[in-house]
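Below is one structure, written out as structure tokens; comments come after it.
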Amino acid sequence: MEKQRVLLFFCLLLPCSSSFLPWVSSSEGGLENVSPKRLFVFGDSYADTGNTEKSSGAWHLPYGATFPGEPSGRFSDGLVLTDYVASFLGIKSPQPYSWRNDANQTLLQHGMNFAYGGTGVFDTMAREPNMTTQIDYFQSLVEQNVYTKHDLSSSVALVSLAGNDYAAFAMKNANQEEELPSFITSVIDQLVHDLKRIKGLGVGKIAVTALEPLGCLPQLTAVSSFKNCSSNWNSISRLHNHKLHRSLQELKKNESVTGSSSSWSSALVVLDLHSAFVSALSMLRHQSEGYSCGNVGDKGVKNYVLCDHPETSFFWDNIHPSQNGWRTVYSFLRSSLCHLL
């Protein structure tokens, strides 16, 4: 088992430009005085704000207890990564794609969220649409002129993947050690293809998340009474992130060699969830034990126990951060998000 060595530090958070940009509440607001942008979101439960089907646990108590006070399809007690990125951009969290026909059309001006809990770059154990299909949905809206080229040129895409591809791989493959390196390469290759496709549709800037330390998720630390991270799973995260950074550097290098006008160097921002999670975990307590949050037995008896102070916890359930966890992660990502402005 692997123990995490973490440097705990305090830092002075500086504004993104020489002029002061006032912040409102970190739980509800973002940067004022920033021209509104549209946010288009692709990914899984770390970014989903309501696309997942109503039978999902995210639509049942106690999910949503902190925000908005009832289940909203978010895999947390409150806000998730998408909400904080939208807040940073000074816009409302974009409308979930599955709600598009029922929403007030004015809400579409903030963009759209195509992320579905449980999904991945490829098909996973979930039935919901993978990244390719999510981008198909986006392309269809562009072709229908729901969003114009002008709309897209000043927009941002958030691409957030949290390891469902690797969880599915582990469940399906007996020879994991031999086949894993080539599978990681295939995930990264497809992810880069997806990024190219999103940018090719006209999106101005793209923020893609590195993989968090999978071995430190409660479902994997439970075997050590939540004391140690799994070195095997953390090695997957490190290899994924290494290959991701190398592929993106190659993308930018090819651009400079060919003289391409695609401007990848200024268009692409990597959000280092790995470092942000490690730093945040050093500041906050874990919370996850027993059954998954929201699990109820045959007779309606709750099989879960909420911690006394979720506002001080990092994890909400055995995979997902609490609102407080995401707020803390966001505080470590803000300097990278500045490059989206």
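Quick check: is even one residue across the range 145-161 touching a helix residue (DSSP H, G or I) at 6+ places or on another chain (Cβ under 8 Å) and free of Cβ contacts under 8 Å to residues at least 60 places away in the same chain?
The answer is yes; a qualifying residue exists.
Is there any pair linking a residue in the range 221-249 that is in a helix (DSSP H, G or I) to one that is open to solvent by 60 Å² or more (accessible area, probe 1.4 Å) and among the aliphatic types (A, V, I, L, M), with Cβ under 7 Å and at least six apart or on different chains, and which?
As it stands, the answer is Ser224/Met1; Ser231/Met1, since those pairs meet every condition given.
Specify which of the listed residues (Thr106, Thr133) is at pLDDT 95 or above and out of contact with any Leu (no Cβ under 9 Å at 6 or more places or on another chain).
The unique qualifying residue is Thr133.
List pairs: first residue in the range 184-201 and within 15 Å of His242 (Cα to Cα) and in contact (Cβ under 8 Å) with a residue 24 or more places away in the chain, second residue surrounded by fewer than 20 Cβ atoms within 10 Å (Cβ to Cβ) and not aromatic (Phe, Trp, Tyr) anywhere in the structure, Cβ distance under 7 angstrom, at least six positions apart or on different chains.
Correct list of pairs: Ile184/Leu239; Ile184/Lys243; Thr185/Lys243; Ile188/Lys243; Ile188/Ser247; Val192/Ser247; Val192/Leu251.
Given the residues Ile206, Ile188, which is the only one that is buried (at least 18 other Cβ atoms within 10 Å of the Cβ), more than 25 Å from Ala86 (Cα to Cα) and in contact with a Lys or Arg (Cβ under 7 Å, 6 or more places away or on another chain)? Lay out the reasoning, then the answer.
Numbers: Ile206 fails: more than 25 Å from Ala86 (Cα to Cα).
Answer to the check: Ile188.
Looking at (1) more than 23 Å from Asp136 (Cβ to Cβ); (2) under 18 Å from the mean Cα position of the chain (by Cα); (3) not aliphatic (A, V, I, L, M), find the lone condition where Thr66 falls short.
(2) is the only condition that Thr66 fails.
Any residue at all in the range 43-62 that's aromatic (Phe, Trp, Tyr) and farther than 15 Å from Leu161 by Cβ?
Within the range 43-62, one or more residues are aromatic (Phe, Trp, Tyr) and farther than 15 Å from Leu161 by Cβ.
The values are calculated or read from the model by the stated rules, or taken from the named source; none is laboratory data. Predicted model only: the values in this text are computed from it and were never measured. We place every Cβ from the backbone using ideal geometry, glycine too, and count neighbours over all the protein chains shown. When the accessible area is computed, the model is the full protein with side chains, heavy atoms only, and any ligands, DNA or RNA have been set aside. Shrake-Rupley method; radii C 1.70, N 1.55, O 1.52, S 1.80 Å.
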